[in-house]
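In what follows, a single structure is set out as structure tokens and then discussed.
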Amino acid sequence: MSKKPSKDSVTTALIEEQTAAFLKAGGAIEYVVKGTSGQVFPAGAKQTNPKKG
């Protein structure tokens, strides 16, 4: 039987290490205001209505 990883397995040091590696590789961190979606919708995206024929 395999053990499930505990919530404690992710430490602050690990997160800081991964963040530093991400930034060093050219990644960027963008601040998103609370309550705003960070999802980007492509231009021209339309909601479809399956009831319309």
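Observations on the structure shown:
- Odd one out for ASP8, checked against (1) of a type outside the set (A, V, I, L, M); (2) within 21 Å of the chain's Cα centre (by Cα); (3) modelled with pLDDT of 70 or more: (3)
- Qualifying residue in segment 21-30 (condition: part of a loop (DSSP other than H, G, I, E, B), modelled with pLDDT under 90 and at negative phi): yes
The values are calculated or read from the model by the stated rules, or taken from the named source; none is laboratory data. Nothing here was measured: the structure is a model prediction, and the numbers come from that model.
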